[in-house]
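Novice: Supplied in structure tokens, the structure appears directly below.
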């Protein structure tokens, strides 16, 4: 691990909002392996029960801070106190269907919370690089057969996507107004946004998400309920976009505003995979189980076809995903079987990260070999 990301993170203070969430917990574990001093900022209550953060005991050896991203004063004080040089902003209301049920909470958290984060960055002189994590759902839904590119129109026809598009616009406004490239020598801050596809992985116990629904059902011996079997999504293992976020932040630190823009991170299968195919593959890998089509309810608002182009990241960052979708699902089944067997899940998490890095090194990827 010593050469990973050119030793960018060893000994560096890194501030992670949403560190107890699914993606945030994996990022926290990876940063720990890289030798970073992680300062996490999340809500007091666990995001799910159980949660990957708690199961893997990731509170050890980090500054585990609790607060609401909507509380600017507390957030700003935390950043000032710990003086990070890198910030990863993952705190969010991440569930599409919850956004339909609770729109104000979703906009306040995703749009307003991002403004709070950016303002805190503006008041914290130590910060040099910021990665604001949004989603592939920031794009205006066209039901296109090809993948959305970073230059495509932002929109969002449901509260979740719209709130994340607003976060993108807020980030661009702060970047252009307070951290412009032509004044980089004065402010020294580079800010980028990252838009990932449907992220899946071990340790995800979220509601209204297909893979957690599948794994909960398989562990309980129940049929899997699939709301929209024909929906196409860019499914990708959680470590894929995280490698992109970490590599992007390293680029921001080393090259500043040259990379301070929006980036897509998606899976190998740019045509996407259907929900039905994913459920059936998980059943096969688990060794038993079944699925059934359930009433979509609020899920009628979900996009039918969603594909993402990561050509820009491949061309300019030298980034690309490591796993096929089948390999990603095999990793997930492996994690949940270990969890069911009450294994040391912190060790399991570390093993999964190391295996991913090794595969990337074998493939000669820039972020793993530089």
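Novice: Check 334, 343 and return the single one that is over 27 Å from residue 192 (Cβ atoms), surrounded by 14 or more Cβ atoms within 10 Å (Cβ to Cβ) and at pLDDT 95 or above.
Specialist: Result of the check over 334, 343: 334.
Novice: Going through the stretch 1-32 one residue at a time, which ones are farther than 16 Å from residue 241 by Cα and either in a loop (DSSP other than H, G, I, E, B) or at pLDDT below 95 (or both)?
Specialist: Of everything in the stretch 1-32, those that are farther than 16 Å from residue 241 by Cα and either in a loop (DSSP other than H, G, I, E, B) or at pLDDT below 95 (or both) turn out to be 1, 2, 3, 6, 7, 8, 9, 10, 11, 12, 20.
Novice: Within the stretch 137-154, identify whether any single residue is closer than 19 Å to residue 256 by Cα, assigned to a helix (DSSP H, G or I) and either modelled with pLDDT under 95 or under 21 Å from the mean Cα position of the chain (by Cα) (or both), and answer yes or no.
Specialist: no
Novice: Just checking, does the stretch 272-287 include any residue being surrounded by fewer than 15 Cβ atoms within 10 Å (Cβ to Cβ), over 22 Å from residue 205 (Cβ atoms) and modelled with pLDDT under 95?
Specialist: Looking through the stretch 272-287, none of the residues is surrounded by fewer than 15 Cβ atoms within 10 Å (Cβ to Cβ), over 22 Å from residue 205 (Cβ atoms) and modelled with pLDDT under 95.
Novice: Scanning for something assigned to a loop (DSSP other than H, G, I, E, B) and either surrounded by fewer than 19 Cβ atoms within 10 Å (Cβ to Cβ) or at pLDDT below 95 (or both), does the stretch 235-258 turn up at least one residue?
Specialist: No; the residues of the stretch 235-258 include none that is assigned to a loop (DSSP other than H, G, I, E, B) and either surrounded by fewer than 19 Cβ atoms within 10 Å (Cβ to Cβ) or at pLDDT below 95 (or both).
Novice: Here is a follow-up. On the basis of being touching a strand residue (DSSP E or B) at 6+ places or on another chain (Cβ under 9 Å) and modelled with pLDDT under 95, does residue 168 make the cut?
Specialist: No: the conditions fail for residue 168.
Novice: Examine the stretch 98-109 for a residue that is without any contact (Cβ under 8 Å) to a residue 40 or more places away in the chain, closer than 30 Å to residue 365 by Cα and out of contact with any strand residue (DSSP E or B) (no Cβ under 8 Å at 6 or more places or on another chain), and state whether such a residue exists.
Specialist: For the stretch 98-109, residues without any contact (Cβ under 8 Å) to a residue 40 or more places away in the chain, closer than 30 Å to residue 365 by Cα and out of contact with any strand residue (DSSP E or B) (no Cβ under 8 Å at 6 or more places or on another chain): absent.
Novice: Let me ask you something else. Find the residue count for the stretch 269-295, including only residues that are more than 25 Å from the chain's Cα centre (by Cα) and part of a strand (DSSP E or B).
Specialist: Result for the stretch 269-295: 3.
The values are calculated or read from the model by the stated rules, or taken from the named source; none is laboratory data. Note that this is a predicted model, so its numbers are computed, not measured. Note that we place each Cβ from the backbone using ideal geometry, even for glycine, and neighbour counts take in every protein chain shown.
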